[in-house]
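Let me begin by presenting the structure, written as structure tokens, before commenting on it.
The values are calculated or read from the model by the stated rules, or taken from the named source; none is laboratory data. This one's a predicted model, so the numbers in the text were calculated from it and none came from an experiment. In this analysis, Cβ positions are derived from the backbone assuming ideal geometry, glycine residues included, and neighbour counts consider all displayed protein chains.
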Amino acid sequence: MADRLYTSIEADEILSGLRFETKLEKAVLARIAFAVSLINDGKDAPSSSNCSGGEMKRPTFVGSDELFIRSLLSYTYEKPEIAEDEFFSNHSMVKDHVDNGCKYLEKLFVECGRNSGQLLKRLVETVEFSGRKEMLGHGLDIYIGKTVLQHAELFMELNNTTKHANSHLAIMGKPGVGKTQFLLKLLADIRLQSNNQINFIYFDYKGDVIENQKFIDVTKAQPYRLLQGAQSLPINPFILSSYDEQTIYVSAREKAESFASINSALGVVQKGSLTESIRAAYAKRAGSDTPYPDFRDVLEIATQMYEEENKKDDSLIEVLRDLADFNLFWKHGDEISPIDRLSNRTLLIDVHYMPVLKELVAYLVIERLYKEMASLPDSPVEEGRRTIRTILVIDEAHNYLNQKNIFLQRIIREGRSKGVVVFFASQSPNDYQQKFFNFQELLEFAYIFQCEGFSASAIQDILGCSNKTAKDLQIEIAHLEPWQAVTRSQEKTEEFVKFTAEAFYRNY
């Protein structure tokens, strides 16, 4: 039975450096590295043959937790018995995970600006919020306000599958009537009721939510202020599940269609050029540790193609140049790696400074989210409550709903079974009447604040009320007081209910 092992030289250097920065013992840091590797790579952790580092004694590392650590390894490797050499030696699972986990700790340390306090805070958050099992069947009964006449309390049972077909939601109303504060209250309640296990990705089109530090603190959202300083999204839109020729070709075609749906100036020729540029950019990176391009790669190849064909720069080159120069997404050479999953992150993405590309940035992030969603197992349902994983939040959605975003449409259609939900905030019920996609039909929850100029048919479709009631509501909704809203009634004898909505600032 081996009583010691030797880490790799790289791991030893990382542990020594972190010991100096954090004041934690190397054995404690090694256990953290072991846990991080086990979570991230499991039984696929790479084997480590370098034993030129520091000595790690078995009693120091294992302590009184040998049975627990063995159980973790047995479960991870699906082996009922772990041999002694497999458990703790220079050729063991423990050594592999310690050496591998040190690389993760180093990356995380860099990501935290080499600040030991931020590193420890990030590790605590990772353990507390990301390491737990999904809250299966956790009920989400959100208090939304009181009825205007009876002052009865209203609750939204967001994930109750016995009452609701899905959890998609829309809030409508003109500026200044309370819809954003209502939306923030819903999101904060969801985060707290789920113990921060339900995440959201929020596109802030006005720039007012990003300035609400209280909301950021309550929801523990990670803010990203695009075009403000050097901050960019740690997301690479070109990461794929596999990099075979067919997958790359399909993805390149989808990107071209995405660009064209946002920018009408991109015609058939430009779509073809973009498709070929993206495929060539993948070929350029093939065989490397990072087999995906960035927008600088695509721009360089597209520019070279134009020069060879004696073509002048056009709208395609302009868009690619903006994406590359504005530093919006992760690029090769960045200190941190691109995030591998979106559904387990809570992101607040501020795009209000951007003169162009707002919709395209959202489109590319939504595409990444959809492709990740498609690979997830179905979201569990227990006692009629479906587990929600993440919420896609699109503010000022009237600027976006007329774009033919196939990935947004797929999330709305398919997200229910995967636990992915969409929240919209817009100015009018008319915004959801699009000829190419029936948004109204798939909005299970709708809250209409004061607004004007909408059609009775839009109200009828959204609330499911009669035509006569919809026509009456045209007048009533136009004269609602601030904070008052109309929604579907939970009573079978009523077609709608008017209530006074709760606000984030009043609750937090």
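Odds and ends about this structure:
- Residue that is surrounded by the fewest Cβ atoms within 10 Å (Cβ to Cβ), among those in the stretch 185-223 that are hydroxyl-bearing (Ser, Thr, Tyr) and out of contact with any strand residue (DSSP E or B) (no Cβ under 7 Å at 6 or more places or on another chain): SER194
- Filtering the stretch 34-60 to residues that are in contact with a Ser or Thr (Cβ under 9 Å, 6 or more places away or on another chain) and part of a helix (DSSP H, G or I) leaves VAL36, LEU38, ILE39, GLY42, LYS43.
- In the set (1) surrounded by fewer than 20 Cβ atoms within 10 Å (Cβ to Cβ); (2) of a type in the set (Asp, Glu); (3) more than 21 Å from CYS465 (Cα to Cα), GLU441 fails one condition alone, (3).
- Applying the criterion of being in contact with a Gly (Cβ under 7 Å, 6 or more places away or on another chain) and of a type outside the set (Asp, Glu) to the residues of the stretch 451-508, the residue that is surrounded by the fewest Cβ atoms within 10 Å (Cβ to Cβ) is PRO482.
- Qualifying positions in the stretch 357-367 - in contact with a helix residue (DSSP H, G or I) (Cβ under 8 Å, 6 or more places away or on another chain), closer than 18 Å to LEU320 by Cα and assigned to a helix (DSSP H, G or I): LYS358, GLU359, LEU360, TYR363, LEU364, GLU367
- Close Cβ contacts (under 7 Å, 6 or more residues apart or on different chains) running from residues in the stretch 398-410 that are in contact (Cβ under 8 Å) with a residue 40 or more places away in the chain to residues that are among the polar types (S, T, N, Q) comprise GLN403/SER261; LYS404/SER261; ASN405/SER261.
Condition check ((1) exposed (fewer than 14 other Cβ atoms within 10 Å of the Cβ); (2) under 23 Å from ASN405 (Cα atoms); (3) among the hydrophobic types (A, V, I, L, M, F, W, C)) across all residues:
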site	(1), (2), (3)
ALA230	yes, no, yes
LEU233	no, yes, yes
SER264	yes, yes, no
PHE295	no, yes, yes
ILE301	no, no, yes
GLN304	yes, no, no
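- Flag for VAL36 being in the same structural domain as LYS121 (by TED's automatic domain parsing) and in contact (Cβ under 8 Å) with a residue 12 or more places away in the chain: yes
- Residue list for the stretch 442-497, restricted to those being without any contact (Cβ under 8 Å) to a residue 40 or more places away in the chain, of a type in the set (A, V, I, L, M, F, W, C), closer than 19 Å to LEU154 by Cβ and out of contact with any helix residue (DSSP H, G or I) (no Cβ under 9 Å at 6 or more places or on another chain): none
- The stretch 145-236 holds strands (runs of 3 or more DSSP E) entirely within its bounds, and those carrying 2 or more residues that are more than 23 Å from the chain's Cα centre (by Cα), outside the structural domain of PRO293 (by TED's automatic domain parsing) and under 16 Å from TRP483 (Cα atoms) map to 153-157.
- When LYS435, LYS418 are checked against the criterion of being farther than 23 Å from GLY176 by Cα and touching a helix residue (DSSP H, G or I) at 6+ places or on another chain (Cβ under 6 Å), a single residue qualifies: LYS418.
- Scan of the stretch 249-281 for residues that are touching a Phe, Trp or Tyr at 6+ places or on another chain (Cβ under 7 Å) and outside any loop (DSSP other than H, G, I, E, B), ordered by number: SER258, ILE262, LEU274, ARG279
- When SER74 is tested against (1) closer than 25 Å to ARG122 by Cβ; (2) under 32 Å from the mean Cα position of the chain (by Cα), just one condition goes unmet, and that condition is (1).
- Test: residue in the stretch 402-415 that is acidic (Asp, Glu), surrounded by 19 or more Cβ atoms within 10 Å (Cβ to Cβ), within 18 Å of the chain's Cα centre (by Cα) and at negative phi: no
- Look at (1) out of contact with any helix residue (DSSP H, G or I) (no Cβ under 7 Å at 6 or more places or on another chain); (2) under 23 Å from ILE142 (Cα atoms); (3) of a type in the set (D, E, K, R) and you find that GLU372 fails only one, number (2).
- Residues being hydrophobic (A, V, I, L, M, F, W, C) and either surrounded by fewer than 20 Cβ atoms within 10 Å (Cβ to Cβ) or farther than 24 Å from GLY178 by Cα (or both) - total across the stretch 369-400: 6
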